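Notes for the one structure printed next.
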């Protein structure tokens, strides 16, 4: 059976506030899509991951994706294609929606 695990938590890379009274709320995923596990990798029993740095804009859309790390190049495109479909509640600073960078780990795991 094919299975893909994706993150329950994000690694947030938002810049720290310059003022102590700034109120920052990180971006929160509200719709996620699991990537398609590459058949060849699945058939060979190969699990892996892709860590993608991206910008979540003021509308909650994923933009400007950059692969930080990958255990295998065959996982990169499925991870990117899945992240294009994700939607976030945008980050907020002092009640205003703001763009923020996040790192999202996508794991490809084979289950029985």
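If you go through region 99-112 and keep only what is under 11 Å from residue 58 (Cβ atoms) and part of a loop (DSSP other than H, G, I, E, B), you end up with just 99.
As a summary of the residue check, residue 108 satisfies the conditions (1) at pLDDT 95 or above; (2) farther than 28 Å from residue 25 by Cβ; (3) surrounded by fewer than 16 Cβ atoms within 10 Å (Cβ to Cβ) except for the one numbered (3).
Name the residues in region 32-62 that are part of a strand (DSSP E or B) and more than 11 Å from the chain's Cα centre (by Cα), would you? Selection gives 48, 49, 61. Summed over region 73-98, the residues that are surrounded by 17 or more Cβ atoms within 10 Å (Cβ to Cβ) and part of a loop (DSSP other than H, G, I, E, B) give a count of 2.
The values are calculated or read from the model by the stated rules, or taken from the named source; none is laboratory data. Quantities reported herein were computed from a predicted structural model and do not represent experimental measurements. Positions of Cβ are generated from backbone atoms using ideal geometry, with glycine treated the same way; all protein chains shown enter the neighbour counts.
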